[in-house]
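The values are calculated or read from the model by the stated rules, or taken from the named source; none is laboratory data. Since the model is a prediction, treat every value here as computed from it, not as a measurement. Quick reminder, even Gly has a Cβ in these numbers, built from the backbone with ideal geometry, and neighbours come from all protein chains shown. All accessible areas refer to the heavy atoms of the entire protein, side chains included, with ligands and DNA or RNA removed. Shrake-Rupley method; radii C 1.70, N 1.55, O 1.52, S 1.80 Å.
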Amino acid sequence: MVGLKEELLKSIWHAFTALDLDRSGKVSKSQLKARRRGAGVLSHNLCTVLNVPHDPVALEEHFRDDDEGPVSNQGYMPYLNKFILEKVQGNFDKVEFNRMCWTLCAKKNLSKTPLLISDEDAFKVWVIFNFLSEDKYPLIIVPEEIEYLLKKITEAMGAGWQQEQFDHYKIALNTSREGLSAWELIDLIGSGQFSKGMDRQTVSMAINEVFNELILDVLKQGYMLKKGHKRKNWMERWFVLKPNIISYYVSEDLKDKKGDIILDGNCCVEALPDRDGKKCLFLIKCLDKTFEISASDKKKKQEWIQAIQSTVNLLRAGSPPPHKEARQRRKELRQKLLAEQEELERQMKELQVANENKQKELETVRKQLEAAAARAAEEEKKRLQTQVELQDRFSLELEREKMVRQKMEEQVAQKSSELEQYLQRVRELEEMYKQLQEALEDEKQARQDEETVRKLQARLLEEETAKRAELEKWHLQQQQTIQMTEAEKQELENQRIIKEQALQVAMQQLKQLELERKEALEQYEEVKKKLETAANNTKSWKDKVAHHEGLIRLIEPGSKNPHLITNWGPAAFTEAELEQRQKSWKGKKATSE
């Protein structure tokens, strides 16, 4: 009953939407009065066509004027569910029910543009829409069901299906909305966009055939001869096969019904040989009666036998009609594809987040590399600056040492000149001494001169001793200065070696950072390739799904012959070839032994 309620709600939804009964919330008294009037009309008509007793008191109570009424803030649906749909038993005419709902909503919603189909055909398309639409409101029919319906109509017209044309239409539709409403579907079929070259009668017959199959559950229909139970005469009848009954009429207008053949799991159908001048006979066995029927030809006979037997098999299995089961499978497939698509989108989002995180990591590594490169450049700059400073300092020290050495050389030269002068004076004194020796003639004068000379000699010796001590002092200072210069030079050389070692360490760190940057770039390229591979796989998957959607793979029987399985695969050799090879192997083995 839940499935029946859902089917009824779709048709009723169009009606109470057209009557503005679907709006909830506080309304004015005039609006509430208009709603009460519209709800009364709809409720009375629904109770009439659904064979449900009408309760006007409950309706009035539901639409009271005061704010305490349950409908003033809940709408028409609670009343519809409680007082009408809960009482439906299924003993009503579905076509009349749909026609009543159509009458209430068609005038307001049907397009004013002239269509290539009649109002009756538009009504049938509307009923088919309710059958194929999704179970959510507002009602729409998705592109897959539109394609299914258009294919059925095209096949019924005997025309070829234009898949490429529909693909273009589907692409244009998917860019703007999820599907079509009932009135948009009527405009699409009535525009003749997918039935070009067909007249109105052909299109109408095709719509009627699809309507009979999907809505009236007509599995097969046609003229055949039936043998009477009393007179035993043969009469032509129009047979209509449904999931649990075969009805037969005087003609295909279905006005004069002659009887029914009730089908259940205990029924069976059998082919009969030709007899009494009748050909293409078959028999339908039920629990209480047996029916003999003659088809027009062998092909029709086989088609009817297969159709009736398939119907009985479905009844035994408790399965729904094929078109309802196919609709359910399409819905389940769409839900599965939707779930897979959502899962893919989730995975793509995860990949995108991972990619963004990787991008951030790469950006962080790049910034670190740039910072390291900047630090390395700064270190190199400092090293060069330090090297230049050290070179300048070393040059300055060399110049200073050179100046000190020059001063020492000048001092040494001055001391040498003074020594030369001293020696010259010594030679002069010696000459004077010789002259004094020669002047012995004047003894007194000589003694005085000798005393004077002795005093002078003593003074000169003192001066010579002082000069010698001063010279030794200058010589010691010169040696100390030379030793200090050598120590400073050695210290500068050690500092230069230490700076060069620090430069080598910095260069090695720079090379290591360069290698880490290259590895990060390679990881980024790998992640990028994986993303491209995932996008290509997604596109290939969608193409395969679109290509195989709706197709049924036939299961063929396998070979009845036994299979031989060898290292080369199943059935690589026949039995004769295998025996021949075994003999050859045994011969080779005997020869080798």
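Observations, loosely collected:
- Total residues in the stretch 364-400, condition among the β-branched types (Val, Ile, Thr), over 52 Å from the mean Cα position of the chain (by Cα) and exposed (fewer than 12 other Cβ atoms within 10 Å of the Cβ): 1
- Hits in the stretch 280-303 - residues which are charged (D, E, K, R) and either surrounded by 14 or more Cβ atoms within 10 Å (Cβ to Cβ) or in contact (Cβ under 8 Å) with a residue 60 or more places away in the chain (or both): LYS289, GLU292, LYS300, LYS301, GLU303
- Residue match in the stretch 275-297 (condition: basic (Lys, Arg), in the same structural domain as VAL240 (by the TED database), farther than 22 Å from VAL210 by Cα and assigned to a loop (DSSP other than H, G, I, E, B)): yes
- Among the residues of the stretch 110-125, those identified as among the hydrophobic types (A, V, I, L, M, F, W, C) and either in a helix (DSSP H, G or I) or not assigned by the TED database to the domain that holds ILE153 (or both) are ALA122, PHE123, VAL125.
- Exclusive hit being open to solvent by less than 70 Å² (accessible area, probe 1.4 Å) and either among the basic types (Lys, Arg) or without any contact (Cβ under 8 Å) to a residue 60 or more places away in the chain (or both), set ALA458, ALA502, ALA506: ALA458
- Flag if VAL240 is surrounded by 12 or more Cβ atoms within 10 Å (Cβ to Cβ), out of contact with any Asp or Glu (no Cβ under 7 Å at 6 or more places or on another chain) and among the aliphatic types (A, V, I, L, M): yes
- Scanning the stretch 463-486 for residues that are open to solvent by 80 Å² or more (accessible area, probe 1.4 Å) and over 18 Å from ARG405 (Cβ atoms) yields THR465, LYS467, ARG468, GLU472, LYS473.
- One residue from ASN244, ASN233, ASN208 being closer than 16 Å to ILE305 by Cα and of a type outside the set (Val, Ile, Thr): ASN244
- Exclusive hit being more than 21 Å from LYS5 (Cα to Cα), open to solvent by less than 80 Å² (accessible area, probe 1.4 Å), at pLDDT below 80 and among the acidic types (Asp, Glu), set ASP66, ASP55: ASP66
- Residues in the stretch 109-157 that are acidic (Asp, Glu) and under 15 Å from ARG327 (Cβ atoms): GLU134, ASP135, GLU144, GLU145, GLU147.
- Among the residues making up the stretch 86-109, those that are assigned to a helix (DSSP H, G or I), of a type outside the set (Lys, Arg) and open to solvent by 90 Å² or more (accessible area, probe 1.4 Å) are GLU86, GLU96, THR103.
- Candidates LYS226, LYS230, LYS170, filtered to the one that is open to solvent by 50 Å² or more (accessible area, probe 1.4 Å) and among the basic types (Lys, Arg): LYS230
- Total residues in the stretch 256-271, condition over 57 Å from the mean Cα position of the chain (by Cα) and open to solvent by 30 Å² or more (accessible area, probe 1.4 Å): 3
- Annotation note: of VAL142, VAL218, the sole residue that is touching a residue at least 12 places away in the same chain (Cβ under 8 Å), out of contact with any strand residue (DSSP E or B) (no Cβ under 8 Å at 6 or more places or on another chain) and surrounded by 15 or more Cβ atoms within 10 Å (Cβ to Cβ) is VAL142.
- Matching residues, the stretch 76-99, being among the acidic types (Asp, Glu) and under 20 Å from VAL127 (Cβ atoms): ASP93, GLU96
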